[in-house]
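Contents: one structure, followed by commentary.
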Amino acid sequence: MAPTTQKQWQIEGATRGFDGLVYQDGPIPTPGDNEILIKLHGASLNYRDLIIPKGMYPFPLNLPVVGGSDGAGEVLAVGSKVAKWAVGDRVTTLFNQGHQFGAIDVAASKTGLGGVFDGTLREYAVLNENGVVRTPSNLSHVEAATLTCAGLTSWNALYGLKALKPGETVLVQGTGGVSLFALQFAKAAGARVIATTSSAAKAEALKKLGADHVINYREDKNWGETARGLTPDNAGVDHVIEVGGEDTMTQSLKAVKMEGIISIIGFLGGAQPKDSILEVLSRVCTIRGVYVGPRSMMEDMVAAVEANDIHPVLDQRVFKLEQTKEAYEYMWAKKHFGKIGITIE
């Protein structure tokens, strides 16, 4: 007899921190005409997942909600009108279920998995047939799960507004998921990569991934100027993957090329930058907020991941579904390198 209940992690509210994460039994939903039932086998965590129960997330929420946006698994059943998928297909979740193509709008911003819609930190999920993409053939379920948020955000940063070209220079900050994806995507595209980090061990890891130059930002407080000096004719970098916010924006502005793009991904160092917005005029650059991306863009990314046999960087520690709260705490303590994976049996 098929099971009717499943284990899941529900976010009860945005005031209790990680104590608001509850591991409980929930129903296994039944797919409607245009929906598919997925047996989830892998998930991964993002900074976004950590700040939702801490009340720090700036986008729409509908709590309580099953947490997690990132998931990959196998199609178990399809609705009567589903034409895109068949039982046995391997699929990966789309972050904003309503963001299918083009620019995001208000309606699509209210369709985030693990924020508005029940997410992936559970054993089974029912989603619209357009709410998933094909899993790259070269990736495991856990690897594929990392593409949903960090992977697609990085791809959007490099290709969503002004496409990265071979020979250009990309500056990535730190060793989080988006930055490491940007490094891998940029190298696959024939670009140069300058990376920043705080330790010699991480610097070696970045070099192994293909970084052309690594700057220790603790030792070099003016790393933005240093990065500029590493570009042809000291012109500056074409793309900056900006994750630090308050702590890093000044240096990002020093590093960026005229008509270059600073893509703001996060604000790990705070959300009160010291620079005037008018800097974009004196620097002649574009500062752009990136909110993941559409399904059409994710399909392009999947094709690139396959063609270049790109494997996401996973932290050496992979958690089980029942250990999810421990995974949250591990990531909050910044003990990870790359993406934190979760296996779902």
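Express the relative contact order of the chain as a whole percentage, based on alpha carbon pairs under 8 Å and six or more residues apart in sequence. List each step's numbers first, then the result.
Values: 824 pairs, mean separation 61.0, N = 345.
That works out to 18 percent.
Would you calculate, for the chain, the mean residue ellipticity at 222 nm contributed by helices, counting each DSSP H stretch of 4 or more residues as -39,500 (n - 2.57) and dividing by all residues, to the nearest 500?
Values: 11 runs with 84 residues, N = 345.
About -6500 deg cm²/dmol.
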* **Modelled label reach - Ala103, point 7 Å along Cα→Cβ, segment 276-290 residues with backbone N closer than 13 Å** => 289
* Asked: Hey, what's the chain come to in accessible area per residue, 1.4 Å probe, Å²?
  -> 42 Å²
* Sequence-distant or interchain residues sharing an amide H contact under 5 Å with Val132, placed H: which? -> Leu94
* Asked: In whole Hz, what ³J(HN,Hα) sequence does segment 34-50 give by Karplus (6.51, -1.76, 1.60; θ = phi - 60°), x for Gly and Pro?
  -> 10, 10, 10, 9, 10, 8, 6, 10, x, 9, 8, 9, 10, 4, 4, 4, 6
* Which ³J(HN,Hα) values, rounded to whole Hz and listed in residue order, are derived for segment 185-198 from phi using the Karplus coefficients 6.51, -1.76 and 1.60 in 6.51 cos²θ - 1.76 cosθ + 1.60 with θ = phi - 60°, glycine and proline given as x? -> 5, 5, 5, 5, 8, x, 9, 8, 10, 10, 10, 10, 7, 10
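I'd like the carbon and sulfur percentage of the solvent accessible area for segment 61-158, probe radius 1.4 Å, heavy atoms only, ligands and nucleic acids excluded. Mind dumping the intermediate values first?
Details: 1750 of 3140 Å².
Here carbon and sulfur together make up 56 percent of the probe-accessible area.
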* Rounded accessible area of Glu168 (nearest 10 Å², 1.4 Å probe) -> 40 Å²
* Asked: With the contact rule set at Cα under 8 Å and sequence spacing of 6 or more, what percent relative contact order holds for segment 1-133?
  -> 31 percent
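Express in nm, to one decimal, how much length is gained between Glu322 and Thr5 on full extension, taking 0.36 nm for each residue of separation and deducting their alpha carbon distance. Walk me through the numbers before you get to the answer.
Numbers: separation 317, 0.36 × 317 = 114.12 nm, distance 1.54 nm.
Here the segment from Glu322 to Thr5 would lengthen by 112.6 nm.
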* Asked: Which of the lysines could be linked to Lys39 by a straight reach, that is with a Cα gap under 27 Å, when you skip same-chain ones fewer than 8 residues away?
  -> Lys7, Lys81, Lys84, Lys110, Lys320, Lys325, Lys339
* To do: Round to a whole angstrom and tell me the spacing of the C-alpha centers of segment 1-64 and segment 311-345.
  => 16 Å
* Asked: Listed highest first by mean packing, meaning other Cβ atoms within 10 Å per residue, what order do 176-184, 50-58, 33-41, 62-70 come in?
  -> 176-184, 62-70, 33-41, 50-58
* Asked: In terms of modelled amide H atoms, which long-range or inter-chain residues lie less than 5 Å from the amide H of Val66?
  -> Ile11, Asp118, Gly119
* Asked: Cα to Cα, under 15 Å, and not fewer than 8 places away if on the same chain: which aspartates and glutamates meet these conditions relative to Lys165?
  -> Asp238, Glu259
* **Compactness of segment 241-318 - radius of gyration and Dmax, Cα, Å** => 15.8, 45
* **Estimated vicinal HN-Hα couplings, Hz - segment 141-146 in sequence order (Karplus 6.51, -1.76, 1.60; Gly, Pro = x)** => 4, 5, 4, 4, 4, 6
* Of Gln6, Asn222, Thr93, which is farthest on the positive side of the dipole of the chain, counting Cα position, with +1 on Lys and Arg Cβ, -1 on Asp and Glu Cβ, and the Cα centre as origin? -> Asn222
* Quick one: length gained pulling Lys221 to Ile277 fully straight, 0.36 nm per residue minus the C-alpha distance? -> 18.0 nm
* Could you give the length gained on full extension between Asn308 and Val284, defined as 0.36 nm per residue of separation minus the Cα-Cα distance, in nm? -> 5.3 nm
* **With every protein chain in place, segment 218-303: carbon and sulfur % of accessible area (1.4 Å)** => 53 percent
* From the residues Thr286, Ala255, Val318, which one has its Cα farthest along the dipole of segment 197-321 in the positive direction, the dipole being from +1 and -1 charges on Cβ of Lys/Arg and Asp/Glu about the Cα centre? -> Val318
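Where Lys and Arg each count +1 and Asp and Glu each count -1, what net charge lies around Val243 among other residues with Cβ under 15 Å from its Cβ? The partial results should precede the final answer.
Values: positive: Arg48, Lys202, Arg288, Lys334, Lys339; negative: Glu242, Glu246, Asp247.
Surrounding charge for Val243 is +2.
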* To do: Collect residues whose amide H, placed 1.01 Å from N in the peptide plane, falls under 5 Å from the amide H of Gly32; neighbours closer than 5 in sequence don't count.
  => none
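The values are calculated or read from the model by the stated rules, or taken from the named source; none is laboratory data. Bear in mind that the values here come from a model prediction, so they are computed numbers and not experimental data. FYI the Cβ positions are ideal-geometry reconstructions off the backbone, even for glycines, and counts take in every protein chain you see. Heavy atoms of the whole protein, side chains included, go into the accessibility calculation; ligands, DNA and RNA do not. Shrake-Rupley method; radii C 1.70, N 1.55, O 1.52, S 1.80 Å.
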